[in-house]
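Encoded as structure tokens, the structure appears first; notes follow it.
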Amino acid sequence: MRPIAGPVLGIESSCDETAAALLDADGRILAERVLSQEREHAPYGGVVPEIAARAHLAHLPGLVARIMTEAGVTYPALGGVAATGGPGLIGGLIVASSMAKGIALAHSLPYVAVNHLEAHALTARLPGLVEGGAPFPYLLLLVSGGHCQCVRVDAVGAYRRLGGTVDDAVGEAFDKVAKLLGLGWPGGPALERLAAGGDPKRFPFPRPMKGRSGCDFSFSGLKTAVAQEVARHGEGALAASLAADVAAGFQRAVVEVMADRASHAMAMAPEAKLLVVAGGVAANTAIRTALTEVAAARGAWLVAPPIRLCTDNAVMVAWAGIERLRLGLTDGLDFAPRPRWPLDALTSAGQDTN
Ligand code: KG4
Ligand code: ZN
């Protein structure tokens, strides 16, 4: 393990959160901030790439300056700069990468282009989450608005994708159903609240992929079934109790599918004793409860990082930077941000080692 000369700055701007964090060389958080663009995108019912890119550009420099001041750290004292290099929206990726490269160049610091999925994957190894640090190999279930996949994490830079969605991401399904029910965007949290007062058995929606081998997911059929049910009740707003029953029925279907898929994934990787869940959907209590039970039934246990570390943040980016710097894995300033960058591509291709 190579020593790191000082705190590591992490920058995240791959979607609609502008975030910066400063971690000491052991991974303890010195300062961190996340600016959500939810209000900017809400009128459009989803993330608008151009609005996102402009907002990152407007807010990131001030945000980085602010956490540096809060932590009392100067740029020359840094041990490295890590920024999300992909996958994500290209405008935001360019903003974070350019800023990180500029700081690295000006102060002769190592630069790490972090894969956003790897950052989610390694969060479980942050000091303080699992006693002694999450040991490899473990399983990662990444469930957000943009991602839905299950990965075996073998080591830093070594990942095997066991399965993923063949259509919508699970958070996307929550958001689309929430929209059908007239809830705002993003709709996952509101849908969960509504479901709490509903009857999950009234509408037996399909459980796509349940019982199939492997651990792929599919949510578009479930979403269509919900849309058809809503349409059956005519135009306009649904009666409150009916909407709650639809929400509860949808959530129950998702929970059963997630539990089944996670169980299959654990059977595919019996050597993994930890099931780690990450992404915004990990905030859902019904899903967390089901995954806890599934893990226990397979002799494993669930690690669910605090919600603010499950959703997009820069702590995970700085931490992934530290994990890579410890192994001497850095990137050249000619790194080109990658809108598509599958996690298992890291395993075969690798990054620069120096
Ligand atoms: O990780 P995240 O903040 O952003 C990305 O998508 O990258 O995840 C946001 C997603 C949204 O689709 C949101 O509706 C969903 O996570 N979400 C939830 C809950 N909280 C957030 N879905 C279900 N239940 C929740 N409590
Ligand atoms: Zn994410």
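The values are calculated or read from the model by the stated rules, or taken from the named source; none is laboratory data. This is a predicted model, so every value here is computed, not measured. We place every Cβ from the backbone using ideal geometry, glycine too, and count neighbours over all the protein chains shown. Surface areas here come from the heavy atoms of the whole protein model, side chains and all, with no ligands, DNA or RNA. Shrake-Rupley method; radii C 1.70, N 1.55, O 1.52, S 1.80 Å.
Let's see if you can work this out: charge +1 on each Lys and Arg Cβ, -1 on each Asp and Glu Cβ, no other charges. What is the dipole magnitude of the range 190-266 about its Cα centre, in debye to the nearest 20?
In total the dipole reaches around 160 debye.
For a quick protection proxy, order the peptides 32-38, 8-14 by their average other-Cβ count within 10 Å, most packed first.
Ranking the peptides 32-38, 8-14 by packing returns 8-14, 32-38.
Would you mind checking which residues have amide H under 5 Å from Arg338's amide H? H placed 1.01 Å from N; only 5 or more apart, or other chain.
The answer is Gly86.
Too long at a 27 Å Cα-Cα cut-off: which of Lys176/Lys201; Lys201/Lys223; Lys179/Lys201; Lys176/Lys273; Lys101/Lys176; Lys176/Lys210?
Lys176/Lys273; Lys101/Lys176
Using only DSSP helix segments of four residues or longer, with each worth -39500 (n - 2.57), what per-residue ellipticity at 222 nm results for the chain after dividing by its residue count and rounding to 500?
That comes out to -13000 deg cm²/dmol.
Take the Cα of Arg212, step 7 Å along the line toward its Cβ, and report every residue of the range 138-164 whose backbone nitrogen sits under 16 Å from that point.
148-150, 162-164
Take every DSSP beta bridge whose two residues both sit in the range 67-173, then give the antiparallel share in percent to the nearest 5.
Taking every DSSP beta bridge within the range 67-173, about 70 percent pair in antiparallel fashion.
How many angstrom separate the Cα center of the range 8-69 from the Cα center of the range 189-227?
About 32 Å separates the Cα centre of the range 8-69 from the one of the range 189-227.
From Cα pairs below 8 angstrom and at least 6 apart in sequence, can you work out the relative contact order of the chain, rounded to a whole percent?
Worked out over the chain, it gives 24 percent.
Ordered by packing density, taken as the mean number of other Cβ atoms within 10 Å over each peptide's residues, highest first, how do 128-134, 330-336, 159-165, 46-52 rank?
The peptides rank, most packed first, as 159-165, 46-52, 330-336, 128-134.
Take the Cβ-Cβ distance between Ala77 and Ala155 as r, set R0 to 22 Å, and report the resulting FRET efficiency rounded to the nearest 0.05.
Once the sixth-power term is evaluated, E becomes 0.15.
For Ala231, project a label point 7 Å along Cα to C-beta. Then give me every residue of the range 176-193 with its amide nitrogen under 15 Å of that point.
The answer is 177, 180-181.
Using only Cα atoms, find the angle between the long axis of helix 315-326 and the longest principal axis of the chain, and express it within 0 to 90 degrees, rounded to the nearest 10.
So the inclination is approximately 50 degrees.
Taking only Cα atoms and a 10 Å spring cutoff, compute GNM fluctuations for the chain and point out the largest among Ala278, Ala244, Ala231.
Per the Cα network of the chain with a 10 Å cutoff, Ala231 tops the list.
If the only charges are +1 at each Lys and Arg Cβ and -1 at each Asp and Glu Cβ, what is the size of the charge dipole of the range 238-354 around the Cα centre, to the nearest 20 debye?
Using Cβ point charges on Lys, Arg, Asp and Glu, the range 238-354 gives about 180 debye.
Could you please state how large a percent of the accessible area of the chain is carbon and sulfur, counting protein chains only and using a 1.4 Å probe?
On the chain, the fraction of accessible area on carbon and sulfur atoms equals 55 percent.
Ordering Ile90, Ile103 from largest to smallest accessible area (1.4 angstrom probe), what's the sequence?
Sorted by accessible area, descending: Ile90, Ile103.
How far is helix 220-232 tilted off the main Cα axis of the chain, in degrees rounded to 10, range 0 to 90?
40
Can you list the HN-Hα couplings for the range 189-202, worked out from phi with the Karplus curve (6.51, -1.76, 1.60; θ = phi - 60°), rounded to whole Hz and with x for Gly and Pro?
Computed from phi, the couplings for the range 189-202 are x, 5, 5, 4, 4, 5, 4, 4, x, x, 9, x, 9, 4 Hz.
Considering only the chain, what is the antiparallel percent among its DSSP beta bridges, to the nearest 5?
60
Placing +1 on the Cβ of each Lys and Arg and -1 on the Cβ of each Asp and Glu in the chain, which of Gly299, Ala253, Tyr44 has its Cα farthest towards the positive end of the resulting dipole?
Ranked along the dipole, the leading option is Gly299.
To the nearest 20 debye, what is the magnitude of the charge dipole of the chain about its Cα centre, counting +1 on the Cβ of each Lys and Arg and -1 on the Cβ of each Asp and Glu?
460
Using a 1.4 Å probe, what is the accessible area per residue for the range 225-325, in Å²?
Counting only protein heavy atoms, the per-residue value for the range 225-325 is 35 Å².
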